[in-house]
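The values are calculated or read from the model by the stated rules, or taken from the named source; none is laboratory data. The shown structure was predicted, so the numbers you read here are calculated from the model rather than taken from an experiment. Please note: Cβ atoms are built from the backbone with ideal geometry, for glycine as well, and neighbour counts cover all protein chains shown. Surface areas here come from the heavy atoms of the whole protein model, side chains and all, with no ligands, DNA or RNA. Shrake-Rupley method; radii C 1.70, N 1.55, O 1.52, S 1.80 Å.
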Amino acid sequence: MRKDAQSAMNKELNKLLNTAPAGISQRARAEFDGFENLFGRFLRETGSSADWEKLKLLPNDAIKQYKHLETPAASDFKSLLSQLVVIKLNGGLGTSMGCTGPKSAIQVRNELTFLDLNVQQIEHLNKVYGVDVPLVLMNSFNTDEDTQKILRKYSQIKVSIFTFNQSRYPRVNRDTLMPIPRSFTEESLEGWYPPGHGDVYYSFYNSGLLDQFIQQGKKYVFISNIDNMGATVDLNILNFLVNSPESQAPEFLMEVTDKTRADVKGGTLVEQEGKLRLLEYAQVPSDKVDEFKSVSKFKIFNTNNLWISMQAIKRNVEEKTLHMEIIVNPKTLDNGMNVIQLETAVGAAIKSFDRAIGINVPRSRFLPVKTTSDLLIVMSNLYAMRTGSLEMSPKRSFPTVPLVKLGHQFSKVKDFLYRFASIPDILELDHLTVSGDVNFGKNVSLRGTVIIIANHGEKIDIPMGSILENKIVSGNLRILDH
């Protein structure tokens, strides 16, 4: 059956290739080769790919502590930065936050978008140290056209910006295991998907940029999600990589940070057959999920900030030695059809690199914006902005980020902005839960633990200038202009 499915898929893909426009047929062929390889593995590999019995907890010295890294001399900054390339993963849309177009175009602070802030960070490095660190965006077919239009506004800025596209793979019918799209035209758009950020290695290589940067003397690439506001270029980490003796220099460095109860589903590092391996929540057998979520057993999680040797990426791609576990992502299309997407995660390749290492970094290097609850935190007075980077206010008496849970009435950016007349003061907030039809007046202060619940049919207006400290608010509260 596996052989039949593989050969039927091959026939369908060849038919599909015949519909590719002349300009992209060569690229589509290379992408389909990658997809067929993934599909073949999917047919051969069954069940959860984590063999729990073979996994070992990491010894204490396997993860290096950030605080033990040396700070380089200022005179070395220029030579360190001249060996670096920065890749931001920019394939995602803003649909989960109710926005159209690339997620990186959502405004985060002072009308600046994720993309604006990332460009500012690199521009600052380039100006201050007299270097030219390239900013590279990995787009998807969903985000590329809009991103190219946005990039025009940076033409006068001192940043070399490059883009390449991740692959475009066909969704697979869950029942027949056949590809969904019938052609490369707009009508078949719903049949395609970008296959997760694990595709970065092949797409970066196929774009020609990897070779171009290696020829320019660049050594390491720093890869991170464009929506992680904490993922800035760190000279201590770069110095550690560049100045380690060649026989000890890590080819792959993963930034991890301490797990809290909010991160129990985050992927963690374990040891398998003498190699570091990323263990994702989706790969955990169902009877081991509680064990995986234990903060005392699995103490750290992956921030998806990765530093990787470019020569090692080139070797792995050319020698076909990259191995990443397959993530099977089930979806239902608008017409009700059940499909699967075969995806991979960039961090899962850690076991394919020599001398891979995890480094436990401060929590401040993990500040993702996945929801409007996260957006409230980064828009608030909890952070100050400096040259595109967010820094926690020194007025916060303890360095933890508050836990914020906004109900579904706030899930779209437009509704979120409508419900807050201004972003509340949360300098002293520990925990905020808001549920139901709730609106906030201007200059509200939230402190300690605040829970606001408007049940079905109720409405709560928090008055302008209110100070709520360790309060539960429920029932009806209307404030009307007259």
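Key figures
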quantity	calculated
Residue list for segment 57-75, restricted to those being modelled with pLDDT of 90 or more and among the charged types (D, E, K, R)	Lys64, Lys67, Glu70
In segment 65-79, residue nearest to Val242 (Cα to Cα) [restricted to those that are open to solvent by less than 80 Å² (accessible area, probe 1.4 Å) and outside any helix (DSSP H, G or I)]	Pro72
Only one of Lys88, Lys54 that is among the basic types (Lys, Arg), under 30 Å from Gln283 (Cβ atoms) and open to solvent by 50 Å² or more (accessible area, probe 1.4 Å)	Lys54
Among the candidates Pro368, Pro362, residue that is in contact (Cβ under 8 Å) with a residue 60 or more places away in the chain, under 30 Å from Ser247 (Cβ atoms) and open to solvent by 20 Å² or more (accessible area, probe 1.4 Å)	Pro362
Segment 256-314, residues that are part of a strand (DSSP E or B), of a type in the set (Val, Ile, Thr) and in contact with a Leu (Cβ under 9 Å, 6 or more places away or on another chain)	Val256, Thr268, Val270, Ile300, Ile308
Residue match in segment 212-231 (condition: assigned to a strand (DSSP E or B), closer than 29 Å to Leu333 by Cβ and not hydroxyl-bearing (Ser, Thr, Tyr))	yes
Matching residues in segment 455-482 - criterion: being of a type outside the set (Val, Ile, Thr) and under 15 Å from Phe420 (Cβ atoms)	Asp461, Pro463, Met464, Gly465, Ser466, Leu468
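Yes/no matrix, rows are residues, columns are (1) assigned to a strand (DSSP E or B); (2) open to solvent by less than 60 Å² (accessible area, probe 1.4 Å); (3) under 24 Å from Val108 (Cβ atoms); (4) without any contact (Cβ under 8 Å) to a residue 24 or more places away in the chain:
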| position | (1), (2), (3), (4) |
| --- | --- |
| Ser373 | no, yes, yes, no |
| Val404 | yes, yes, yes, no |
| Gln409 | no, yes, yes, no |
| Ile423 | no, yes, yes, no |
| His431 | yes, yes, yes, no |
| Lys442 | no, no, yes, yes |
| Ile451 | yes, yes, no, yes |
| Leu468 | yes, yes, no, no |
